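Visitor: Structure incoming, see below.
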Amino acid sequence: MGNEARRRAYLDALGITAWQRREANAESAREGETAPAQPMATPPPQAPTSPGTQPSDPSPSSQPEVAGLDWSALTEQVAHCQRCRLHETRTQGVFGVGNPEADWLFIGEAPGAEEDRRGEPFVGRAGQLLDAMLHAAGQSRDSVYIANIIKSRPPKNRDPKPEEIAACLPYLRRQIQLIQPRLVMLVGRVSAQTLLDSTAPLGRLRGQVHRLPGFGIPAVVTYHPAYLLRSPLEKRKVWADLRLARKTLEEGM
Ligand code: URA
């Protein structure tokens, strides 16, 4: 299967082939013409949504035992971490997966049951949809890096508690420091609100290019694939978000 055919197949998987102009001559249908009807202007990069309220720990990884760790030491620390009570119920810490020198970093919320079992983020049903999103954007699990806000599964997949996020965030911050991505994709509300230090609803955070507080890296917000499984009509917005992200990367913003 050629690249374009594969991309079409994954757009199919996302349920967004209806965006193609069916009446158009197939030979003249360029990539940009298969986009959703809604305008996709890229606003200029913006300051964090709540300018006066920087995160309490805006420095990349201020905890002394995390600052300066290399990749393997960091992996080791996460594997043995007992900073919050989630270590009592998790099977294992879920560090992250992908290319440690990736341009794109995808950040979700927390491992679920399947991720906890396999030790890899986004491998359950939501993960399959994330894979489709990646492929639709011309990426793969190997070309990007995928991590979560917290590394241990909350029981019954409840939202992470603020103290669990606070305990775990230094690991993610160090990962960002080491990866040095050119763009961060904030997947879902918990990821977006945590890393943008905002309480704004996700719908208000998407559609613009943020700067990650403490890093300055461009960040684009999108819906969580678990939400898309419940609300498939929102998939077209995810495609718009991915296009915004790719445009941002291409323009080197
Ligand atoms: N949802 C997430 O946010 N992360 C995972 O790894 C799996 C599901």
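Visitor: Residues Leu186, Leu212: which one is closer than 21 Å to Ala67 by Cα, of a type in the set (A, V, I, L, M, F, W, C) and in contact (Cβ under 8 Å) with a residue 12 or more places away in the chain? Steps first, answer last, please.
Guide: Working: Leu186 fails: closer than 21 Å to Ala67 by Cα.
On inspection, the qualifying residue turns out to be Leu212.
Visitor: Quick one: would you say Ala219 is small (Gly, Ala, Ser) and part of a strand (DSSP E or B)?
Guide: Working: small (Gly, Ala, Ser): yes; part of a strand (DSSP E or B): yes.
So Ala219 passes the test.
Visitor: Select the strands (runs of 3 or more DSSP E) contained entirely in the range 75-190, then report the ones holding at least 1 residues which are away from the ligand (no atom under 11 Å from the Cβ) and among the aliphatic types (A, V, I, L, M). Working first, answer last.
Guide: Numbers: elements: 104-108, 145-148, 183-187.
Passing ranges, in order: 104-108, 183-187.
Visitor: Can you tell me which residue within the range 206-226, out of those that are closer than 19 Å to Pro181 by Cβ and of a type in the set (A, V, I, L, M), is surrounded by the fewest Cβ atoms within 10 Å (Cβ to Cβ)?
Guide: Within the range 206-226, the match that is surrounded by the fewest Cβ atoms within 10 Å (Cβ to Cβ) is Ile217.
Visitor: Give just the number: which of (1) surrounded by 23 or more Cβ atoms within 10 Å (Cβ to Cβ); (2) within 12 Å of Leu105 (Cβ to Cβ); (3) of a type outside the set (A, V, I, L, M) does Arg153 not satisfy?
Guide: (2)
Visitor: Could you list, ordered by first residue, the pairs with Cβ atoms under 8 Å in which the first is in the range 231-246 and without any contact (Cβ under 8 Å) to a residue 40 or more places away in the chain and the second is surrounded by 19 or more Cβ atoms within 10 Å (Cβ to Cβ) and in a helix (DSSP H, G or I), at least 6 apart or interchain?
Guide: Glu234/Leu228
Visitor: Moving on to the next point. Select, from Leu233, Leu202, Leu229, the only residue that is closer than 24 Å to Asp131 by Cβ, within 16 Å of the ligand (Cβ to nearest atom), surrounded by fewer than 23 Cβ atoms within 10 Å (Cβ to Cβ) and over 15 Å from the mean Cα position of the chain (by Cα). If you could, list the steps in order and put the result at the bottom.
Guide: On the way: Leu233 fails: within 16 Å of the ligand (Cβ to nearest atom); Leu202 fails: over 15 Å from the mean Cα position of the chain (by Cα).
Within the list Leu233, Leu202, Leu229, the selection yields Leu229.
Visitor: If a residue must be over 16 Å from Lys156 (Cβ atoms), among the aliphatic types (A, V, I, L, M) and touching a strand residue (DSSP E or B) at 6+ places or on another chain (Cβ under 7 Å), how many such residues does the range 92-128 contain?
Guide: Total satisfying the criteria: 5.
Computed from the coordinates by the stated procedures, all read-outs in this text should not be read as laboratory data. Computed from a predicted model, the values in this text were never measured in an experiment. Here Cβ is always computed from backbone atoms with ideal geometry, including for glycine, and neighbour counts include all displayed protein chains.
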